[in-house]
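None of the figures in this text is laboratory data; all of them are computed from the coordinates on show. Source: prediction; values computed, not measured. Heads up, the Cβs are rebuilt from the backbone with ideal geometry, glycines too, and the neighbour counts pull from every protein chain shown.
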Amino acid sequence: MTKNTFWIFLMVFSFLVVSCAKKEIPYTPAETPPPSVKQETSPQQAEEIPQAKVEEAVPSPEAPSFEEVGLEPKSAAWVDAHREELLIYGRSTRPFKAIFFDFDSYAIRDDMKERLMENARYLLEHPEIRVELQGNCDERGSSEYNLALGERRALAVKRYLLNLGVPEGQLTTVSFGEERPLDPRHNEEAWALNRRVDFVIIK
């Protein structure tokens, strides 16, 4: 090997060594750790976590308001001044309305059926209430006959209410016959006011 050939060989070898030294080794970055996953609550743990209450408090129902004593007649002039009220409520405890009848009859009149439905609705909405159905008559006829007629009127009202779904335990009946007139006078206007069944709250 000549001297020139030796130097050429040395230069080529050096060039190869330098090239290999500069060659970059591919860098593989470390795997990025996965984001932390929030641990699900086990069913047992879920039971231990108090849940927020979403139900709104239900207010306790207020006791129904009503007048303890129905309208009581004081004089013929007083009756005339309050006739419109008496023709609605009689001696009934408000908000109940009185049921009026034709002469010598205990059949429920058509114009009284809506009142009975209103009274029945109120009783169904307030099952704690008990009412006494008080049968009344005008003065014509004997006392015994009118007591029996007043009872039949009270029982007719009771049957109607039962058919509307009112529990029997909320109802009781009594007859006063002709003994408790609203209008003390002796004419058809007064008698029409006295033929009725009152709803009086007893509990």
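Quick notes
- Label-to-label distance for Leu162 and Ser105 is 2.3 nm, based on points extended 7 Å past Cα in the beta-carbon direction.
- Equivalent-ellipsoid semi-axes of the stretch 72-203, from the Cα gyration tensor, Å, largest first: 23, 16, 12
- Cα-Cα pairs of the stretch 135-185 separated by more than 17 Å (percent): 40 percent
- Net length gained if the chain between Ala77 and Arg130 were fully extended (0.36 nm per residue, minus Cα distance): 15.8 nm
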